[in-house]
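The values are calculated or read from the model by the stated rules, or taken from the named source; none is laboratory data. As the structure is a prediction and not an experimental result, all values here were calculated from the model. Cβ coordinates were reconstructed from backbone atoms using ideal geometry, including for glycine residues, and neighbour counts include every protein chain displayed. Please note that ligands, DNA and RNA were not included when accessible areas were found on the heavy atoms of the full protein model with its side chains. Shrake-Rupley method; radii C 1.70, N 1.55, O 1.52, S 1.80 Å.
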Amino acid sequence: METNVTEERLHAHALLDILPAEKVNVVLSLLEEMVRKRACRLRTGLSQAAVEDEEVTPGMAARLDRARASVDRGDSIPHDEILREFGLH
């Protein structure tokens, strides 16, 4: 069964609202540690990733130029909109 992240976040907020004040700091510390560990794993993964050594062909350079121009014109879709579309925001 697929979980609804929005509902889970609302439920977590509701639980935080009824949690005694002295325990909120404990939950906050746990959340911060979880986020810190995730960021650390991401940094480690990126630092160990192979550097791409593909040559940028003239065709690829032209496509990159068109993409950059599209962004400059405002033809792109904002990141938040993409996240919402996929239920990630």
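Would you mind getting the accessible area per residue of segment 37-89, heavy atoms of the protein chains only, 1.4 Å probe, in Å²?
For segment 37-89, the per-residue accessible area is 95 Å².
Quick check: the angle from helix 58-73's long axis to the longest principal axis of the chain, C-alpha only, nearest 10 degrees?
The helix 58-73 is inclined about 50 degrees to the chain.
Could you point to the label whose value was computed as semi-axes √(5λ) of the Cα gyration tensor in Å for the structure here, given [x] 53, 15, 6; [y] 21, 15, 12; [z] 40, 21, 12?
Derived directly from the coordinates: [z].
Excluding the sites themselves, what is the longest stretch of the chain that contains no GluC sites (Glu not before Pro) in a DSSP loop with at most 13 other C-beta atoms within 10 Å?
Here the longest segment lacking exposed loop sites spans 3-51.
For the chain, find the longest principal axis of its Cα atoms and tell me its angle to the long axis of helix 5-18, 0 to 90°, nearest 10.
Computed tilt is about 30 degrees.
Can you pull the percent of the chain's accessible area that's carbon plus sulfur, 1.4 Å probe, other chains left in place?
Carbon with sulfur: 59 percent of the solvent-accessible area.
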